[in-house]
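The values are calculated or read from the model by the stated rules, or taken from the named source; none is laboratory data. Quick caveat, the model's predicted, so the values are computed rather than measured. Neighbour counts run over all protein chains shown; Cβ positions are idealised from the backbone, glycine included. SASA here: full protein model, heavy atoms, side chains in, ligands and nucleic acids out. Shrake-Rupley method; radii C 1.70, N 1.55, O 1.52, S 1.80 Å.
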Amino acid sequence: MKHISVIRIVVIGNGMVGFKFCEKLLAKRQASQQISITVFGEEPRVAYDRVHLSEYFAGKTADDLTLAGEDWYADNGIKIYLSDPVVDIDREHKLVRSHHGIVVQYDYLIMATGSGAFVPTIPGVEKDGVFVYRTIEDLELIQSYARKAKKGAVIGGGLLGLEAAKALLDLGLEEAHVVEFATRLMPRQIDEAGSRMLQSQLESLGLHIHLSKNTQEIKGGDCIEGMQFADQSFLEVDMLVISAGIRPRDELAKIAGLETHPRGGIIVDNQLQTSDPNIFAIGECALAHHMIYGLIAPGYEMADVVAAKLTGGAKEFLPFDMSTKLKLIGTDVASFGDPFIEEPACTTVRYENKAKGIYKRINVSPDGKTLLGGILVGDAEQYNMLLQTCKNKTILPPDSEDLILGSRGGEEAGAGVMSFPDDALICSCEAVTKGMLCQEVSEKGNHTIDSIKKSCKAGTGCGGCIPMVKDIITGTLKQNGVYVRNVVCEHFDYSRQELLDLVKMNGLKTYGNVLDTFGKGDGCETCKPLVASLLASLWNESILQKDRAPIQDSNDRYLANIQKGGTYSVVPRIPGGEVTPEKLIVIGQVAQRYGLYTKITGGQRIDLFGAHLGDLPEIWEALINAGFESGHAYGKSLRTVKSCVGSTWCRFGVQDSVSFAIEVENRYKGLRSPHKLKSAVSGCIRECAEAQSKDFGIIATEKGWNLYVCGNGGSKPQHAQLLATDVDKETCLRLIDRFLMFYIKTADPLARTATWLNKMEGGMSYLKAVVVDDVLGIAAELESDLQQLIDVYQCEWKEVVDNPELRKRFSHFVNTPAKDPSIQFEEMREQKRAKEWA
Amino acid sequence: MNTETQTPTDTQVTWHIACEVSDIPEDGGGCAFIDGKQIAIFNFARRGEWYATDNECPHRQQMAVSRGMIGSHEGEPKVACPFHKKTFSLKTGQCFNDDAYQIKTFPVMVRENLVYIGL
């Protein structure tokens, strides 16, 4: 005789949703409740992360994808049968019978049978080399067959089909084709323009896309050899993956007499109850609100609703948001809210950038107050923010285009996440709200993604909310006062940008004045060169005059690069890399006279090493007399504008790149900035000057010039990005003026342009909006500020050579003209080199 | 101008004329060759103080301390070597970044527009 009643629960299906149901049920179980759980799974392994299945090809193992190991089931008292699907349900006696003949009695039966791949009835579909893309076993079969295949195709241009096509590329097939019956890719998630943008991105990565193609027959002997289409065309392939959609696994439900939909799916109500009140259906096998929810988040929500019900709670499954964000072969694709709603039911704002493959669309309510939905292709950085703005019906800013172009004010951007209400759902897979996350950070001391994941599971499902969770961690810490301001140093309680504005407004021109007015103490090696750079960027007066010489950094102090042993190197400016034989001879003579090691630099200059401090003025006097100027190789300023020879000699050149490079170099020489600046001009698309690795690079086109910005070489190389296309010289220079001045005014100290851009809210689209479209209305000011610096430019070495007071400082000793006796050189390849560090 | 900013601790110290006051830039440094030694001299005009140290940085044995920037760290005057920005207290010669390094400091006396160093 039983004293305690045990609720017997049987779960059919051990996929993601079936597993989640078990997990939720254990968590919600009341202390007084006795529950027994039995799980039957068709696959040979325990539940794994099917959402990230493709990562199996990227090196993840089946173990990596496993949601919880077999011991988890054992530890929690769950009896699990793998490779053993349930084949019969006896509803009258509440029994299930498995393929292997195991019979288990249930009080409640949970059907989480999921879905299978939908395989259209095409003749030849049974041939070897035709696969579906659903389970780890499918992937193993594909992987092994791909070793001997060269050309592969995928039927289906939806989410999974594109994933499968990526997998074929990853597996090393020479050609990967996507065959779609509809007129465009991903018709259910994104609109026409978004599809086109996605298509061109995927094509540029080597995928072949065939639209409006109806596969009539799969040709070949035992193995597939090609695909015959209804339009008479033929595609030769030796393997095919079918990913034409999913079909709910409702066959068992049908046998058991449960109500199912003619087009597939076990019909359930708001409680996920089937036509038999003791049987529930959750996940992709269930048809709720007249639809199959093919996403993980609603599946988890269904698991939660049933777990709540069986443990005495009350919850309903409401129509679920189908917003989604994913990365397809490196291209972000997202849609949220109602992506397709059209005018006049809304006002649509679109942004399209073909060069960068970005398409964004937002649908705003006709009164302009709320966000109804949208689509993002190529850049889904703002997805979480937009989704929350849409879900929470947050009142929009007056210029709703800010939502997709990024904020233009700088300040309000970071506040975005933190302005959401506490009940805003951040992680929809695990139903974690903003309020819960703030609590994790403030009260439980979880300050990292990893500890948050452990503590409340946020971010462990699809992972789409992780950027937002990070923002909430930072935002909450900031609110708690943990955040440290980015101030210059102990002597200045301002950021570089703040200090620049203050110095400019107050017209300060010496370090002493700046320190007295805005600082405290005596300064240091951090704030001195920083202020020196600000003063130079603002006024462009000689950096060695007034009190400015001793605040310059090591190299600026003596207008030369200090080298091992304490000697200096000398780099005369050679604009565009063009130099006459006469000038070359002078460089040679100077190097001979002062015994300098001579080397060509990476930036098309000549570097002369091993000069004694005391010899620098004479060396420069000789160079200046021959028409050279300072090359600023020592400064955080324009270094070089490299060029290829261009149309004057090159048979491919379309523009005169050398002349333009010289013009650009002479325009910006001496311009001091937060970090060094490098540039290049190429005369055609072959790009011999490597302009795309520069802070600003120019490439000739048939119609004019393309301008790229924010690239650099160095330890973390980054390609420059296209700012303007086919512009004339004047426009190109005007855009560079604005770009450089905007950089000078807003960058952190010692941040190259690439780093500056990487940290910028809104990124390249925002930079473009400011520099090209002048959304801030500051273009004229930026241009005139830069022009002012150009107007007062003087060669700083000429100033020293002509000024006895300044010249006097270029001596190792103050009490004797002798050179530093400790300097030693060694011979190498008929030149000299510095003696190695001790 | 008659200033004596640092009292010699060693009575045996010998005062050497190093240079004129104007040879050392305000809030900057210069190097004097004295008795076969290279001495870095600093005119910390902002504090109205003079300092002298070894010109050699012990980190890489470079003769360059006099070309470094001076400043303060929580009120303590310091100099930063131009090579790798090791900073040293101008009062004690102790390196702020690495306890292993130390430079010598010397007394400075300014009389009649001349700078004297005590060795």
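Here are some residues: A:ILE209, A:ILE218, A:ILE224. Which one is in the same structural domain as A:ALA165 (by TED's automatic domain parsing), open to solvent by 20 Å² or more (accessible area, probe 1.4 Å), outside any helix (DSSP H, G or I) and β-branched (Val, Ile, Thr)? Steps first, please.
Working: A:ILE218 fails: open to solvent by 20 Å² or more (accessible area, probe 1.4 Å); A:ILE224 fails: open to solvent by 20 Å² or more (accessible area, probe 1.4 Å).
The match here is A:ILE209.
Looking only at the stretch A:400-423, how many residues end up being surrounded by 13 or more Cβ atoms within 10 Å (Cβ to Cβ), assigned to a loop (DSSP other than H, G, I, E, B) and modelled with pLDDT under 75?
Total meeting the criteria: 5.
Look through A:CYS429, A:CYS465, A:CYS438 and report the one residue that is buried (at least 18 other Cβ atoms within 10 Å of the Cβ) and in contact with a Phe, Trp or Tyr (Cβ under 7 Å, 6 or more places away or on another chain). Show your work before the answer.
Working: A:CYS465 fails: in contact with a Phe, Trp or Tyr (Cβ under 7 Å, 6 or more places away or on another chain); A:CYS438 fails: in contact with a Phe, Trp or Tyr (Cβ under 7 Å, 6 or more places away or on another chain).
None of the others qualify; the one that does is A:CYS429.
Could you please give the count of residues in the stretch A:174-195 that are surrounded by 15 or more Cβ atoms within 10 Å (Cβ to Cβ) and either under 22 Å from A:GLY294 (Cβ atoms) or touching a Phe, Trp or Tyr at 6+ places or on another chain (Cβ under 8 Å) (or both)?
Our first condition is that a residue be surrounded by 15 or more Cβ atoms within 10 Å (Cβ to Cβ); within the stretch A:174-195, this holds for A:175-182, A:184-187, A:189-191, A:193-195.
Within this subset, residues satisfying the condition of being either under 22 Å from A:GLY294 (Cβ atoms) or touching a Phe, Trp or Tyr at 6+ places or on another chain (Cβ under 8 Å) (or both) are A:178-182, A:184-187, A:189-191, A:193-195.
Going through the stretch A:174-195 one residue at a time, the tally reaches 15.
Counting only residues that are among the basic types (Lys, Arg) and out of contact with any helix residue (DSSP H, G or I) (no Cβ under 6 Å at 6 or more places or on another chain), which one in the stretch A:789-818 is least open to solvent (accessible area, probe 1.4 Å)?
Looking at the filtered set, the residue picked out is A:ARG809.
Among residues belonging to the stretch A:80-131 that are open to solvent by 60 Å² or more (accessible area, probe 1.4 Å) and out of contact with any strand residue (DSSP E or B) (no Cβ under 8 Å at 6 or more places or on another chain), point out the one that is modelled with the lowest pLDDT.
Filtering first and then ranking leaves A:THR121.
Which ranges mark the helices (runs of 4 or more DSSP H) fully within the stretch A:729-838 that have 3 or more residues being modelled with pLDDT under 95 and within 24 Å of the chain's Cα centre (by Cα)?
A:753-759, A:763-771
Working only within the stretch B:83-108, note down all residues that are at pLDDT below 95 and either at the interface with chain A (Cβ under 9 Å from one of its Cβ atoms) or crowded, with 23+ Cβ neighbours inside 10 Å (or both).
Within the stretch B:83-108, B:PHE83, B:LYS85, B:THR87 meet the criteria.
Quick check on my filter: what residues within the stretch B:35-62 are within 22 Å of A:LYS528 (Cα to Cα), more than 9 Å from chain A (Cβ to nearest Cβ) and of a type in the set (Val, Ile, Thr)?
Within the stretch B:35-62, B:THR53 is the sole residue that qualifies.
Could you run through the stretch A:523-543 and say how many residues are assigned to a loop (DSSP other than H, G, I, E, B), facing chain B (nearest Cβ under 10 Å) and open to solvent by less than 20 Å² (accessible area, probe 1.4 Å)? Show your work before the answer.
The first filter runs over the stretch A:523-543 and keeps only residues assigned to a loop (DSSP other than H, G, I, E, B), leaving A:523-526, A:540-543.
Of the ones still in play, those that are also facing chain B (nearest Cβ under 10 Å) are A:523-526.
Pick out the ones that are also open to solvent by less than 20 Å² (accessible area, probe 1.4 Å) and you get A:523-524.
Qualifying residue count for the region: 2.
For the stretch A:553-574, which positions are in contact with an Asp or Glu (Cβ under 9 Å, 6 or more places away or on another chain), assigned to a helix (DSSP H, G or I) and open to solvent by 30 Å² or more (accessible area, probe 1.4 Å)?
A:LYS564
Given the condition in contact (Cβ under 8 Å) with a residue 40 or more places away in the chain, aromatic (Phe, Trp, Tyr) and assigned to a helix (DSSP H, G or I), answer yes or no: does some residue in the stretch A:113-130 qualify?
No, because not a single residue in the stretch A:113-130 is in contact (Cβ under 8 Å) with a residue 40 or more places away in the chain, aromatic (Phe, Trp, Tyr) and assigned to a helix (DSSP H, G or I).
Tell me the residue from A:GLY13, A:GLY18, A:GLY77 that is exposed (fewer than 15 other Cβ atoms within 10 Å of the Cβ) and among the small types (Gly, Ala, Ser), please. Spell out how you get there, then give the answer.
Working: A:GLY13 fails: exposed (fewer than 15 other Cβ atoms within 10 Å of the Cβ); A:GLY18 fails: exposed (fewer than 15 other Cβ atoms within 10 Å of the Cβ).
Sole residue among the options that is exposed (fewer than 15 other Cβ atoms within 10 Å of the Cβ) and among the small types (Gly, Ala, Ser): A:GLY77.
Among the residues of the stretch B:63-82, which ones are under 15 Å from the mean Cα position of the chain (by Cα) and at the interface with chain A (Cβ under 8 Å from one of its Cβ atoms)?
Answer for the stretch B:63-82, where residues must be under 15 Å from the mean Cα position of the chain (by Cα) and at the interface with chain A (Cβ under 8 Å from one of its Cβ atoms): B:MET63, B:ALA64, B:ARG67, B:GLY68, B:MET69, B:ILE70, B:GLY71, B:SER72, B:PRO77, B:LYS78, B:ALA80, B:PRO82.
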